[in-house]
1. Give the number of residues within the stretch 27-81 that are assigned to a strand (DSSP E or B) and either without any contact (Cβ under 8 Å) to a residue 24 or more places away in the chain or of a type in the set (Lys, Arg) (or both).
2. Conditions: (1) of a type in the set (Gly, Ala, Ser); (2) surrounded by 19 or more Cβ atoms within 10 Å (Cβ to Cβ); (3) in contact (Cβ under 8 Å) with a residue 40 or more places away in the chain. Gly84 meets all but one. Number of the miss?
3. Name the residues in the stretch 90-146 that are of a type in the set (Asp, Glu), in a loop (DSSP other than H, G, I, E, B) and farther than 28 Å from Asp74 by Cα, would you?
4. Specify the residue that is nearest to Arg4 (Cα to Cα); the eligible residues are those in the stretch 59-72 that are surrounded by 14 or more Cβ atoms within 10 Å (Cβ to Cβ) and of a type in the set (Val, Ile, Thr).
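What follows is calculated from the coordinates using simple rules that are stated; it is not laboratory data. Computed from a predicted model, the values in this text were never measured in an experiment. Please note: Cβ atoms are built from the backbone with ideal geometry, for glycine as well, and neighbour counts cover all protein chains shown.
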Amino acid sequence: MSRRVSVHHFVVSKLARNHGPGQTAWDLLDVDYWRTVPADTEFPKLFGQLDVFTRFYMEQARPTVFRVQVSWVDHPSGVPEVIGDYGPFRVDFDPAETVRDVSFRLPMIRLQGVGRHTVELMRPVKSGWRAGELVPIAHTHFFVER
């Protein structure tokens, strides 16, 4: 049987909170893919925090370590710039589970400018010639505007 993990929901919000231990309901507050900054904002600007709600579906998954990277896609040079690397976040999957909800908190994102930003969930490759390399398994976007 596969030990595969897949992500079906990967949502950026200001705050993601669970209703309590053993509860499956979550509140995702201020889910908005636009972040507005005042017109006189000087960059770089620290943005308080974002939570990334993630719903995993799996078959006999083992504990896994993830990282979350935030990149500024609309960099003036035309080359995306990684502006935040968060983690490692260890997720202890229960082999009997088929669904698991997790929220990753990203504190103090250092925004470099306006435009599109990508948030990627990364996991390391465990074996083979790519062992240790981070590969994206989910992504979403948000936009910063004045």
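1. Of the residues in the stretch 27-81, 6 are assigned to a strand (DSSP E or B) and either without any contact (Cβ under 8 Å) to a residue 24 or more places away in the chain or of a type in the set (Lys, Arg) (or both).
2. Among (1) of a type in the set (Gly, Ala, Ser); (2) surrounded by 19 or more Cβ atoms within 10 Å (Cβ to Cβ); (3) in contact (Cβ under 8 Å) with a residue 40 or more places away in the chain, the lone unmet condition for Gly84 is (3).
3. Selection gives Asp92, Asp94, Glu97.
4. So the residue we want is Thr64.
This table checks each residue for (1) more than 21 Å from Val65 (Cβ to Cβ); (2) surrounded by fewer than 16 Cβ atoms within 10 Å (Cβ to Cβ); (3) of a type in the set (Asp, Glu); (4) under 14 Å from the mean Cα position of the chain (by Cα).
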site: Val5; (1), (2), (3), (4): no, no, no, no
site: Leu15; (1), (2), (3), (4): yes, yes, no, yes
site: His19; (1), (2), (3), (4): yes, yes, no, no
site: Ala25; (1), (2), (3), (4): yes, yes, no, no
site: Leu29; (1), (2), (3), (4): yes, yes, no, no
